[in-house]
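Structure record follows, encoded as structure tokens.
Bear in mind that the values in this text are calculations on the coordinates, not laboratory data. All values derive from a computational prediction rather than experimental measurement. Note that we place each Cβ from the backbone using ideal geometry, even for glycine, and neighbour counts take in every protein chain shown.
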Amino acid sequence: MDKVTSIAFILYHATDDSNVKARAVDLLNGETDLRELKADTDMLHLVETAEAMFKKRSVKKKDLQKFVEENLLVEA
């Protein structure tokens, strides 16, 4: 999976805050981007932490795949 997908996964699981989870799903579906999230002062620290975790490769592929299957919107 790519960087943005992994960061969305990390953000989604980083907190129980429904707003953060919604923003992570928006990121996964391309409705927002990392630049927009970083511009939000409430999200900046979380995004920077998620990027650092991504660089350490701390995401399990099976968990990431399940996240994508459950949250990616595919239009028919």
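If only residues of region 1-47 that are within 23 Å of R57 (Cβ to Cβ) and of a type in the set (S, T, N, Q) are counted, the one that is farthest from the chain's Cα centre (by Cα) is T15. Regarding region 57-68, can at least one residue be identified that is part of a helix (DSSP H, G or I), out of contact with any Ser or Thr (no Cβ under 7 Å at 6 or more places or on another chain), aliphatic (A, V, I, L, M) and surrounded by 13 or more Cβ atoms within 10 Å (Cβ to Cβ)? No, region 57-68 contains no residue that is part of a helix (DSSP H, G or I), out of contact with any Ser or Thr (no Cβ under 7 Å at 6 or more places or on another chain), aliphatic (A, V, I, L, M) and surrounded by 13 or more Cβ atoms within 10 Å (Cβ to Cβ). Residues that are within 22 Å of L73 (Cβ to Cβ) and out of contact with any helix residue (DSSP H, G or I) (no Cβ under 7 Å at 6 or more places or on another chain) were ranked within region 34-52; the one that is surrounded by the fewest Cβ atoms within 10 Å (Cβ to Cβ) is R35. For region 28-56, which positions are touching a residue at least 40 places away in the same chain (Cβ under 8 Å) and not in a helix (DSSP H, G or I)? N29, the sole residue that qualifies. Does V25 count as surrounded by fewer than 18 Cβ atoms within 10 Å (Cβ to Cβ), assigned to a helix (DSSP H, G or I) and β-branched (V, I, T)? When the stated conditions are applied, V25 does not pass them.
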